[in-house]
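The values are calculated or read from the model by the stated rules, or taken from the named source; none is laboratory data. Nothing here was measured: the structure is a model prediction, and the numbers come from that model. Backbone-built Cβ (ideal geometry, glycine too); neighbour counts: all protein chains shown.
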């Protein structure tokens, strides 16, 4: 009888060689919203959490002669209406204020004018993107994801407890919508698209 490959010993050997993705092996490289916001790696040091996006194929059930056939339809990007990033808040609040300025630029409530994107257009273009990096245990990028067509949706509040404060570090979250994402292997020659 052949010994199956899925044994404890096989798992252990593979774990030693390949290790595992850990919850800190991720970086948000940049946020660039065309015509307004540009935040690079130094500002992204304050980003404390994010996630790789999901991708779903819409299923269509087709019935024939008592049988259900599941047919693939179009693609959807769950969570694309509000990709969330949590930030530590610096003492001068400059990161939150940059994001708040972008929110006002996207829709100014005093005049009721939409203005995100180049030339005041309200639909975010391909130059508005968030770049995400998945890292290995040496902190080298392995995959790069680009969220394309980004525009800001929400800037969270800062809840101070000044009467009973303990000196805790403040943080806030931001929601940014996107149209779709691209991804690729991150290598010596840059990003190689992964069309699998």
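Tabulated data
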quantity	calculated
Residue check, residue 119 at pLDDT below 90 and not in a helix (DSSP H, G or I)	no
Entirely in segment 122-169, the strands (runs of 3 or more DSSP E) that have 2 or more residues that are in contact with a helix residue (DSSP H, G or I) (Cβ under 6 Å, 6 or more places away or on another chain) and either surrounded by fewer than 20 Cβ atoms within 10 Å (Cβ to Cβ) or at pLDDT 90 or above (or both)	151-155
Unmet criterion (only one of (1) surrounded by 10 or more Cβ atoms within 10 Å (Cβ to Cβ); (2) out of contact with any strand residue (DSSP E or B) (no Cβ under 6 Å at 6 or more places or on another chain); (3) under 30 Å from residue 104 (Cβ atoms)) for residue 31	(2)
Residue check for residue 43: in contact (Cβ under 8 Å) with a residue 40 or more places away in the chain and more than 15 Å from the chain's Cα centre (by Cα)	yes
Number of the condition not met by residue 78 [criteria: (1) surrounded by 10 or more Cβ atoms within 10 Å (Cβ to Cβ); (2) at pLDDT 95 or above; (3) under 15 Å from the mean Cα position of the chain (by Cα)]	(1)
